[in-house]
Each structure stands twice: as structure tokens, then as C-alpha cells.
1. Starting from the Cα of Lys280, draw a straight line to each of the lysines and keep only those under 26 Å, dropping any in the same chain fewer than 8 residues away.
2. For a Förster distance of 35 Å, can you work out the FRET efficiency between the beta-carbons of Ala41 and Gln218, rounded to the nearest 0.05?
3. Extending each Cα 7 Å along its Cβ direction at Val158 and Ile127, get the distance between those two points in nm, one decimal.
4. If the only charges are +1 at each Lys and Arg Cβ and -1 at each Asp and Glu Cβ, what is the size of the charge dipole of the range 27-78 around the Cα centre, to the nearest 20 debye?
5. Give me the extension gain from Glu76 to Val284: residue separation times 0.36 nm, minus the current Cα-Cα distance, reported in nm with one decimal.
6. Can you compute the modelled spin-label distance between Arg62 and Ser96, with each label point 7 Å from Cα toward Cβ, in nm?
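FYI, it's all coordinate maths here, none of it is from the lab. Note that the structure is predicted; figures quoted are calculated from it, not measured. In this analysis, Cβ positions are derived from the backbone assuming ideal geometry, glycine residues included, and neighbour counts consider all displayed protein chains.
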Amino acid sequence: MSRFIHFFLCLALCAPLVSWAQVKLDIIPLKHRTTDQVLPALQPLVGEDAALSGANNRIFIRADAATRLAVKQAIEAIDTPLRSLMISVRHDNDDSIRRDGAAVSGDIRAGDVSVGAADAGSEGAVIEGRSGDSRVATRVWSTRGNSADRLSQRVQVVEGGSAFIQVGSSIPVPFTQIIAGPRGGAISQGTEYRDIGSGFYAMPRVNGDQVTLDISPQKESLSDTQYGEIRTARLVSTVRGRLGEWMELGGSGYSEQVDQRGITRYGTRDAQSQRRLWVKVDVVR
């Protein structure tokens, strides 16, 4: 009976030694990715009894044979060559304006009584009629205007990295100012330079044929209506889509309708503006 008890005691004492003998340290070098890119995906594969770390493009795993094998297989799937990506951003700006109207002017005389109406405008066609000392002119105008502004920018970046691109110029803007002094005011004239630019910051993350993109585009331009004014359009967004397809980041627009009515004048003004932003990510072959 004592021999059987001794045998079972030996098995119980040797079992932890056999399990401990399976725990080893493996050092796995990385070929293409960094430890920061690989470690987050490996953490769920490692239990509390194992140790996982990384340094100098190497992964250190101390665990049993099954855990070490699972980590090695995961690294083989993750540690793939980095791809080069081309990020393209497109700004589409479309403006349209329509102006219609009519104005009546002239002088009407009846004996010693005279009634007149002036017209300071110059656009459009004028039809004039006279009768004796009386003159009546009718001016009619109808104008249409359309403008389109297209800006495209692109930058190449390695998968997992971030990119920034900006191009611009310095615009001279003359100025006049009055400087007050003890003897009165003095007029000072000069020129200052204002920097305007357009560009974007982007950081893509690719999973298969899907891409997630953190992007912040910006576009600056001189105002068409206010001299020296700089218009700025800026957007911060995260979008997801397929590689090689244009994705709309957003847009803005406005519509304005104005009616002008008077005794001798009538006019309408209809203006519309649309701003749209697009982005595309391609794999550079």
C-alpha cells in the first residue's frame, strides 16, 4: 500500500515541473512593422501567466508552447510590408448669380410743368422715346454669371504614417492709414503682405480594401467682394470608405434672393454658392 502512495506523490510533484519546463522565452524579430504597431494585436492572445513585451523591433514572449505558437502565427500575419498610399483631396466651388431688372427715366413737360426721373445705371439695353420736349427712356437688364473653382492636392505617405501638405503665396495688399500726432493727422501709405494657403493633414489606416482616414483640410482665398479680405474654409473629420473611391467629406452653401422695388425701378438678384470637399486614398503600385 505504501508503494502506491509513494508513486502518486511522485506524479503530483513532477507535474508542475513538467508544466514549468514548457514555459520558455522566445525572441521574435520584426521585419516590416514596429513593436507599437504589433503589440496591441498580440495582447488578447496572452494570458495572465505569460509575459509579453517589445523593444528594438523585437517581440519577447515568455509562455507555454501553445501561447508562443499562437503569437508567432499572429506576427506572421501582421508583420507584412508597409504599402505606399496616395491621398488626394479635391475642393469643388461653384458660384452662380442672376440679375434682372428694369428702370424708367426721362422728363415729361406739359406747359410750364416738368416732371423728371433720373437713372444712374449703365448696364443693359436702353429704349428711348421722344414727343416734343418730353423724353422717356426704359432700361432693361438681365445678366447671368457662373464661376467654378477646382483645387486638387495629393501627397504620398507610408501606411501607418501621417502626412501634411500646404501650398500658398504672399499677396501684396496696399493700405492707407491716418496717424494722429500733436500737430494733427498724417496720412501713411504702404503695402503689407498676407499669406494665403491651402492644404491638409491626414492619417490613413488600412484594413483590407477599407480605409479609415483622419483628415483636416483647409482652403484660403481672397474675397471677390471685400478687398483685402481672406476667406478660410476648414474641416476636421474622420471618414471610412473603400480604397480608390472618392469620399465626400462635407460641404456648405448658401442661396440669396433679393428684390428691389421703387417708383421707377425694379430689380431682382439671385445668388447661389456651393462648396464641396472630396478625398480619395489609393495604393501606390
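1. Lys219
2. Values: r = 34 Å, r/R0 = 0.97.
Efficiency at R0 = 35 Å is approximately 0.55.
3. 7.4 nm
4. Working: 6 positive and 5 negative charges, 52 e Å.
Computed charge dipole of the range 27-78: roughly 260 debye.
5. Values: separation 208, 0.36 × 208 = 74.88 nm, distance 2.30 nm.
Separation in residues times 0.36 nm, less the Cα-Cα distance, equals 72.6 nm.
6. Here the answer is 7.2 nm between the modelled labels.
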